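> Mind looking over this structure? Questions follow.
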Amino acid sequence: MTNKDLANVIFPNITKTVEDYEKEYPKRNLEEGAKVTRFAPSPTGFMHLGGLFGALIDFTLARESNGIFYLRSEDTDQARSVEGAEKLIMDTLKYYNMMPDEYEFEGKIAGNYGPYVQSERKEIYHAFIKHLIEIGRAYPCFCTTDELSEMRENQEAMKVRTGYHGRFARCSRLSVDEAIEKIKNGEKYVIRFRSNGDFENKFEFDDLRQGKLFLNENDIDEVIMKSETMLPTYHFAHVVDDHLMRTTHVVRGEEWLPSAPKHIQMFEAFGFEAPKYIHTPLIVKKEGESIRKLSKRKDPEATMSFYFENGYPALAVIESLMTIINSNYEEWHTANPDKMFTDFEVTAEKMSTSGALYDLMKLDDISKNIISKMSKEEVYSESYKWAKKYSEKLTKLIESDPEYYKAILNIERQQEKPRKDIAKYSDIENLIWYMYDEEFNNKEIIYEWKNITDINEIRNILKVYMDKYFTLDKENWFNNVKLMCDELGYASNMKEYKKNPDSFKGNVADISTVLRVALTSKSMTPDLCEIMNILGVDKIKERYNKICK
Ligand code: GLU
């Protein structure tokens, strides 16, 4: 019996060959230098920041080279696959404006290189495995889990490198006849790749981020097809899919780098050219003085739902990731404020060689800037969309009077130095509640008085203000406050106050604070005159009278 017979016993119904698939999925017809990249998540029901980070690199590399960015669902580990996970992935990509050119979703296939879901590619993998068996580069392995753990223990005791290699690769020595007999007897098996490498040899591996590396050749006969499901392992699916889908650049986490020698060997076994690799750094965060890996368990910001729930604009998250993809992004962005992030040329060589340091404070800064530049209409519609999902209270406030809400959002907007107090849509409620009577009157108000705390003095200031100096006219508003200062013995001019503080009861800032706090309860708010204009005279009087009575 020959290897061909063995291949036919294992895959009797597979008639298509590697050549057939080569013809079916020809080289892509793209312009010189166009990059074909893919985002290949496992549908586990979670989207992690690291996933979006990788996808963003894929997306920008494809966009800036007029290439193709496609989505592939890696669901060969069916125990980890979760219903509905694809929707989460698609929704996330859509939200971040990173729609793939090719994908498979809800029964629709976009693109000619599918199926894009690995469990639907079984026949293809089988044809490729059949080929490897025929040429003697793959074989069935009947070792049980117990036998494998015993082998591992022995290796550890003998202090040899663990794994199915060299003399430990028992089933690699079975004859074709022996293997066929075992299969006919119903023994369970996996398929292993037959490595031809020597661990003592190093070979040159070019990682686009880390440059030339010298890696040990692989000598492990890796499992390429699992027993029960007959689905491929990651290693094999990577080789077949990235070849047939004509990926030019594989962007993946650096935890895959140790497996790269296996992959290179498999590409060689088929006579295929391997894609270029960019192994990306881990995302890390600062904790006190130390730096550690962002943890799915400990850090809420490691999961994309954090950004949805808090209401960060998509662009803010994208830009915060761009700054850790390439450290020169920020400088470029400052010099080109009107360009989109896709105009920036991502370079693998400029990626951090250690971890990519993610910082939420930085995200907040970026986000405040982005929101400050939006129009009131835009903040209105984005925050309303967010509220409908995550905040009943804000939804109610918005719906009670959308125009009133927009007027509040418009305070200190659309000016040279716009307000920058909103980092995320979940901040808004806390910043505007006092503009609503139903909130202000039904809450126990804690007034943040600053320098002037004597309630009689406060009452006096409010009375005089209401009687003589109140105006909603922007031209005169501040001047009136200053005139009142003069009348009440406060310095209307800060310079004079600083020269001679003892000759005044306080200064114009103290007076403004009283007017502000009495109206809003807060010592920090955007422009008070604008606030007064939106609240209107009745509400102002009511709130001041409440304190004076
Ligand atoms: N499914 C793999 C993962 O989620 C993809 C790695 C790759 O991009 O090749 O880690």
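> Of all residues in region 246-265, how many are closer than 28 Å to Glu24 by Cβ and within 12 Å of the ligand (Cβ to nearest atom)? Steps first, please.
Within region 246-265, the first condition is being closer than 28 Å to Glu24 by Cβ, and the residues that meet it are 246-252, 256, 259-260, 262-265.
Next cut, within 12 Å of the ligand (Cβ to nearest atom) only: 247, 249-252, 256, 259-260, 263.
Of the residues in region 246-265, 9 are closer than 28 Å to Glu24 by Cβ and within 12 Å of the ligand (Cβ to nearest atom).
> Here is a follow-up. Taking the condition of being closer than 27 Å to Pro281 by Cβ and in contact (Cβ under 8 Å) with a residue 24 or more places away in the chain, how many residues in region 214-254 meet it? Please lay out each step first, then the result.
First, pick out the residues of region 214-254 that are closer than 27 Å to Pro281 by Cβ: 214-218, 220, 222, 233-239, 241-243, 245-254.
In the following step, the residues that additionally are in contact (Cβ under 8 Å) with a residue 24 or more places away in the chain were identified as 215-218, 220, 222, 233-239, 241-243, 245-254.
Total satisfying the criteria: 26.
> Evaluate region 91-102: report whether one residue or more is without any contact (Cβ under 8 Å) to a residue 40 or more places away in the chain, out of contact with any Cys (no Cβ under 6 Å at 6 or more places or on another chain) and assigned to a helix (DSSP H, G or I).
The answer is yes; a qualifying residue exists.
> Next question, about the same structure. Taking Pro41 as the residue in question, decide whether it is within 11 Å of the ligand (Cβ to nearest atom) and either under 16 Å from Asp242 (Cα atoms) or more than 16 Å from the chain's Cα centre (by Cα) (or both). Before the answer, list the steps.
Numbers: within 11 Å of the ligand (Cβ to nearest atom): yes; either under 16 Å from Asp242 (Cα atoms) or more than 16 Å from the chain's Cα centre (by Cα) (or both): yes.
Yes, satisfied.
> Still on this structure, I have one more. Which pairs do you get when a residue that is part of a loop (DSSP other than H, G, I, E, B), found in region 1-17, comes within reach of a residue that is aliphatic (A, V, I, L, M) and surrounded by 14 or more Cβ atoms within 10 Å (Cβ to Cβ), reach meaning Cβ atoms under 7 angstrom, with the pair 6+ apart or on two chains?
Met1/Val176; Met1/Ile180; Thr2/Val176; Ile14/Ala127; Lys16/Ala127; Thr17/Ala127
> Against the conditions (1) touching a residue at least 60 places away in the same chain (Cβ under 8 Å); (2) in contact with an Asp or Glu (Cβ under 9 Å, 6 or more places away or on another chain); (3) of a type outside the set (Ser, Thr, Tyr), where does Phe69 fall short? Just the number, please.
For Phe69, the exception is condition (1).
> Scan region 326-339 and tell me whether some residue there is touching a Leu at 6+ places or on another chain (Cβ under 8 Å), surrounded by 13 or more Cβ atoms within 10 Å (Cβ to Cβ) and not in a loop (DSSP other than H, G, I, E, B).
Checking region 326-339: not a single residue is touching a Leu at 6+ places or on another chain (Cβ under 8 Å), surrounded by 13 or more Cβ atoms within 10 Å (Cβ to Cβ) and not in a loop (DSSP other than H, G, I, E, B).
> Take the conditions among the acidic types (Asp, Glu), within 27 Å of Leu321 (Cβ to Cβ), more than 16 Å from the ligand (Cβ to nearest atom) and part of a helix (DSSP H, G or I) and apply them to Glu268. Does it pass?
Values: among the acidic types (Asp, Glu): yes; within 27 Å of Leu321 (Cβ to Cβ): no; more than 16 Å from the ligand (Cβ to nearest atom): yes; part of a helix (DSSP H, G or I): yes.
For Glu268, the condition - among the acidic types (Asp, Glu), within 27 Å of Leu321 (Cβ to Cβ), more than 16 Å from the ligand (Cβ to nearest atom) and part of a helix (DSSP H, G or I) - is not met.
> Does Glu200 satisfy being on the phi < 0 side of the Ramachandran plot, away from the ligand (no atom under 15 Å from the Cβ) and out of contact with any helix residue (DSSP H, G or I) (no Cβ under 9 Å at 6 or more places or on another chain)? Lay out the reasoning, then the answer.
Numbers: on the phi < 0 side of the Ramachandran plot: yes; away from the ligand (no atom under 15 Å from the Cβ): yes; out of contact with any helix residue (DSSP H, G or I) (no Cβ under 9 Å at 6 or more places or on another chain): yes.
Yes; evaluated as a whole, the condition is true for this residue.
> Within region 206-221, can you find the residues that are under 12 Å from Ala260 (Cβ atoms), crowded, with 18+ Cβ neighbours inside 10 Å and modelled with pLDDT of 95 or more?
Asn218
> Another question, then. Which numbered condition in (1) touching a residue at least 12 places away in the same chain (Cβ under 8 Å); (2) within 16 Å of the ligand (Cβ to nearest atom); (3) part of a loop (DSSP other than H, G, I, E, B) is the only one that Tyr125 fails?
The failed condition is (3).
> Hey, which of the helices (runs of 4 or more DSSP H) in region 401-519, taking only ones fully inside, have at least 2 residues that are in contact with a Phe, Trp or Tyr (Cβ under 9 Å, 6 or more places away or on another chain) and surrounded by 14 or more Cβ atoms within 10 Å (Cβ to Cβ)?
Details: elements: 402-409, 425-432, 437-440, 455-464, 474-488, 494-499.
Output list reads 402-409, 425-432, 437-440, 455-464, 474-488.
> Looking at region 363-390 only, could you name the residues that are under 30 Å from Asn328 (Cα atoms), touching a helix residue (DSSP H, G or I) at 6+ places or on another chain (Cβ under 6 Å) and either modelled with pLDDT under 95 or not hydrophobic (A, V, I, L, M, F, W, C) (or both)? Lay out the reasoning, then the answer.
Within region 363-390, the subset under 30 Å from Asn328 (Cα atoms) is 363-375, 378-379, 382.
Adding the requirement that they be touching a helix residue (DSSP H, G or I) at 6+ places or on another chain (Cβ under 6 Å) leaves 363, 366-367, 370, 379.
If the condition is that a residue be under 30 Å from Asn328 (Cα atoms), touching a helix residue (DSSP H, G or I) at 6+ places or on another chain (Cβ under 6 Å) and either modelled with pLDDT under 95 or not hydrophobic (A, V, I, L, M, F, W, C) (or both), then Ser367 is the only one that fits.
The values are calculated or read from the model by the stated rules, or taken from the named source; none is laboratory data. Just so it is clear, the structure is predicted and the values come from calculations on it, not from any experiment. Here Cβ is always computed from backbone atoms with ideal geometry, including for glycine, and neighbour counts include all displayed protein chains.
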